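A.B. asks: Once you've had a glance at the structure underneath, I'll fire off some questions.
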Amino acid sequence: MKGLYFQQSSTNGEITFVFQEKENLPITEDNFVKLQVKACALSQINTKLLAEMKMEKDFFPVGREVAGIVLDVGTKVSFFQPDDEVVGILPLDSEDPGLCEVIRVHEHYLVHKPEKVTWTEAAGAIRDGVRAYTALHYLSHLSPGKSVLIMDGASAFGTIAIQLAHHRGAKVISTAYSLEDKQCLERLRSSIARVIDVSNGKVDVAESCLEETGGLGVDIVLDAGVRLYSKDDEPAIKSQLLPHKHDIIMLLGVGGHWITREESLQLDPPDSHCLFLKGATVAFLNDEIWNLSNVQQGKYL
C-alpha cells in the first residue's frame, strides 16, 4: 500500500513528492479508527509552520482533509462504528498521508459526514468550513442583525463564510477582486447586501462600508490579509487589492470584531488607541488552531 509524501531540500528549499510503500497498519486500538479513504483534498503545505513547530523530518505526509468509511475501531472509540461515513482533518503530526487507501486516525479528528454530501464535497469543504465557523462563532460571536464584511468573498473560505453569516441572520458585505469574482458573488445576491468591486484599485472600501451602514461601521470584519505600509512599500498585487490596516480600523463599528489572517500584523500606538476608543477587538484566525496535537502545542508554547 503506497502513500504520497513530500521532501524538502535542505539546501535550496525545493519540494519534491514521492510515493512510498507503507507497512501494514498496526492493530486498531484505544481511540484510533481505521479509515478507508474515499476522497482527499490537497491544501497548501505550510513549511514555515512545520519549521517553527520543529516538526521537520525527511518525509512528510501529503493530504490532510479526508473523507471515507470506517473499517475498524479501537476498544475505546465511542463516536464511530464500522461502516460509518466520516470526514476530518488529520493533525500536523500525523504519520499517515491522506493520499493513501487506508489510514489510521484518532477519532477526535473525525466527524460524521452528512448523508447528502458527496465524498469530494466533504473533503474539499471541511478545512474552510472549520475556519469560517471558527471566525464567526468562536472569535466574533456572530448573532442575528449584525453586519459582516467578508473580504475576497469569492474564495472558498469567503463563500462558506458568506453562507454561514447569512444563515445566522447577518447583513453581509463582501469584496470582489476581479470581474469573475463579482459575477460569482452576484449570483449569491440573496445572501449579500452589497458587493464592493476593488479590482481596479479605485474604490474606497471603508467609505463604501460606512455608506452601507449609515456611518455606524460594520460589526465584524473577516479580512484576507491587509497592507501594513504605504503602496510604495508593498508588492504591486498586494497594494492594489488589499485594504490598509487603517481602513479596517476606520470601518469598524463600536464594539466591533476584526478577525485577521495577517500573521505579521503590526499595530502602532495610534491604531491601538483608536481600537480602544471603539471598544473593538482583534483576533487572529490560525488555520491550524484546532489541529495541533497537545504534545506539539506544549513544545511550542
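The values are calculated or read from the model by the stated rules, or taken from the named source; none is laboratory data. Here the structure is a predicted model, which is why all the values come from computation and not from measurement. Methodologically, a virtual Cβ is constructed for each residue, glycine included, from the backbone with ideal geometry; neighbour enumeration extends over all protein chains shown. Side chains are part of the model used for accessible areas, which takes the heavy atoms of the whole protein and leaves out ligands, DNA and RNA. Shrake-Rupley method; radii C 1.70, N 1.55, O 1.52, S 1.80 Å.
A.B. asks: Go ahead and estimate [θ] at 222 nm for the chain from helices alone: -39,500 (n - 2.57) per DSSP H run with n ≥ 4, summed, over the residue count, rounded to 500.
C.D. replies: Values: 9 runs with 79 residues, N = 301.
Mean residue ellipticity at 222 nm (helix-derived): -7500 deg cm²/dmol.
A.B. asks: Something else about it: Collect residues whose amide H, placed 1.01 Å from N in the peptide plane, falls under 5 Å from the amide H of D287; neighbours closer than 5 in sequence don't count.
C.D. replies: none
A.B. asks: Right, something else. Please list, in order along region 36-49, the HN-Hα scalar couplings obtained from phi with the Karplus expression 6.51 cos²θ - 1.76 cosθ + 1.60 (θ = phi - 60°), rounded to whole Hz, x for Gly and Pro.
C.D. replies: 8, 7, 9, 8, 9, 8, 9, 10, 4, 8, 8, 5, 5, 5
A.B. asks: Can you give the charge dipole size of the chain about its Cα centre, rounded to the nearest 20 debye, using +1 on the beta carbon of Lys and Arg and -1 on the beta carbon of Asp and Glu?
C.D. replies: Values: 29 positive and 42 negative charges, 109 e Å.
Result for the chain is approximately 520 debye, rounded to the nearest 20.
A.B. asks: State the number of lysine pairs found in region 142-272 whose Cα atoms come within less than 20 Å, restricting to pairs 8 or more positions apart or on distinct chains.
C.D. replies: Lysine pairs, 8 or more places apart or on different chains, close enough: 8.
A.B. asks: Please list, in order along region 172-177, the HN-Hα scalar couplings obtained from phi with the Karplus expression 6.51 cos²θ - 1.76 cosθ + 1.60 (θ = phi - 60°), rounded to whole Hz, x for Gly and Pro.
C.D. replies: 9, 10, 9, 9, 10, 9
A.B. asks: Given H placed 1.01 Å from N in the peptide plane, which residues other than close sequence neighbours of R227 have an amide H under 5 Å from its amide H?
C.D. replies: Hits under the 5 Å cutoff: H244, K245.
A.B. asks: Out of the total accessible area of region 1-91 (probe 1.4 Å, heavy atoms of protein only), what percent is carbon and sulfur? Don't skip to the answer; put the middle values down first.
C.D. replies: Details: 2520 of 5340 Å².
The nonpolar share, carbon plus sulfur, comes to 47 percent.
A.B. asks: Same structure, new question: What net charge do the residues around K245 carry, taking every other residue with its C-beta under 10 Å from that of K245, with Lys and Arg at +1 and Asp and Glu at -1? List each step's numbers first, then the result.
C.D. replies: Working: positive: R227; negative: D223, D247, E262, D268, D271.
Surrounding charge for K245 is -4.
A.B. asks: Given springs between every Cα pair under 10 Å in a Gaussian network model of the chain, which of K34, K54, K245 has the largest fluctuation?
C.D. replies: Checking each option, the largest mean-square fluctuation is seen for K54.
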